[in-house]
Amino acid sequence: VWMDKMFVLRYPALKEGDPRIVLAALDEDTGRKFGFPLPRDKYADLLDKLKGYGVKTVAFDVMFFEPKPAEDKKLADATKRFGRVIHLFQSRTEVTSHGDVVSVNMPVSGLDKAALFLGYPNIDFVIDGDGHVRRSVMFDSRIDDPRAVGQPAASMDIACVASFTERPFQELRDIYAGPPPRLMQINFRKPKTWLQHEKRDIGQAGEVQN
């Protein structure tokens, strides 16, 4: 409560988000135009465009677990062309009478190998009682890294850091992995407003007229 209040009181003095971090969001207009879920070849097109813009690292906050053979190869090829792409894997812990059983969901075949790094989005370790996330863990020792058995799994956060800064994973493990896992307080920033769509007209019923 005290931390939340301090952020509210200090909001005018907070720095804006780093302009090097850009969010490509899938909104209602995107869904109306291309359908939802978005076809994976559209993600491939996005990667090629971002590479043309000079983007250094792309991290997908989208899970590609269900095979779609007609689309998967295009996304895997675009991932490989880009070179510095992070895809997600997911871990699940099931409590049984014989102990905890951890299972891992990997991205579809091709993406797991084409990605520079794989990271997990799990927040169960840091989510607060009110449902908010105020802390982050860079590595989770409860889960094996799917590319390095016996090493703690990397979060998407630290995978982004490793890719963008080109620092070795082992160096980052030595700093952040623990044990115990190092909890980091999230230092929130004010969002920076960017143009969301090209110029458009709004009809009388509120529909988008392109």
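The values are calculated or read from the model by the stated rules, or taken from the named source; none is laboratory data. Only a predicted model underlies this, so the values are computations on that prediction, with no experimental measurement involved. Cβ placement follows ideal geometry from the backbone for every residue including glycine, while neighbour counts extend to all protein chains displayed. Just so you know, the surface numbers come from the protein's heavy atoms only, side chains and all, with ligands and any DNA or RNA stripped out. Shrake-Rupley method; radii C 1.70, N 1.55, O 1.52, S 1.80 Å.
Conditions tested, residue by residue: (1) open to solvent by 20 Å² or more (accessible area, probe 1.4 Å); (2) of a type in the set (A, V, I, L, M, F, W, C); (3) modelled with pLDDT under 85.
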{"site": "80", "(1), (2), (3)": "yes, no, no"}
{"site": "89", "(1), (2), (3)": "no, yes, no"}
{"site": "107", "(1), (2), (3)": "no, no, no"}
{"site": "119", "(1), (2), (3)": "no, no, no"}
{"site": "126", "(1), (2), (3)": "no, yes, no"}
* Pick from the stretch 116-130, criterion aliphatic (A, V, I, L, M) and assigned to a loop (DSSP other than H, G, I, E, B), ranking: farthest from residue 65 (Cα to Cα) -> 126
* Asked: Are any residues in the stretch 131-149 open to solvent by 60 Å² or more (accessible area, probe 1.4 Å) and part of a strand (DSSP E or B), and if so, which ones?
  -> 135, 141, 142, 144, 149
* To do: Could you grab me the full set of residues in the stretch 59-78 that are more than 16 Å from residue 121 (Cβ to Cβ), surrounded by fewer than 20 Cβ atoms within 10 Å (Cβ to Cβ) and among the hydrophobic types (A, V, I, L, M, F, W, C)?
  => 70
* Structure fact -> Within the stretch 160-173, residues open to solvent by 40 Å² or more (accessible area, probe 1.4 Å), at pLDDT 90 or above and not in a loop (DSSP other than H, G, I, E, B) come out as 160, 161, 164, 165, 171
* Structure fact -> When restricted to 33, 42, the only residue surrounded by 13 or more Cβ atoms within 10 Å (Cβ to Cβ), within 20 Å of residue 70 (Cβ to Cβ), out of contact with any Lys or Arg (no Cβ under 6 Å at 6 or more places or on another chain) and of a type outside the set (Asp, Glu) is 42
* Asked: Right, residue 157: open to solvent by 80 Å² or more (accessible area, probe 1.4 Å), part of a helix (DSSP H, G or I) and charged (D, E, K, R) or not?
  -> no
* To do: Identify, by number, the condition in (1) more than 19 Å from residue 81 (Cβ to Cβ); (2) at pLDDT below 90; (3) under 24 Å from the mean Cα position of the chain (by Cα) that residue 24 doesn't meet.
  => (1)
* **Only listed residue being farther than 29 Å from residue 187 by Cα, among the charged types (D, E, K, R) and surrounded by 11 or more Cβ atoms within 10 Å (Cβ to Cβ), chosen from 56, 113** => 113
* Structure fact -> residue 103 passes all but one of the listed conditions (1) more than 27 Å from residue 43 (Cβ to Cβ); (2) over 15 Å from the mean Cα position of the chain (by Cα); (3) free of Cβ contacts under 8 Å to residues at least 60 places away in the same chain; the exception is number (1)
* To do: Could you please find all residues in the stretch 5-54 being of a type in the set (D, E, K, R), in contact (Cβ under 8 Å) with a residue 60 or more places away in the chain and assigned to a helix (DSSP H, G or I)?
  => 29, 32
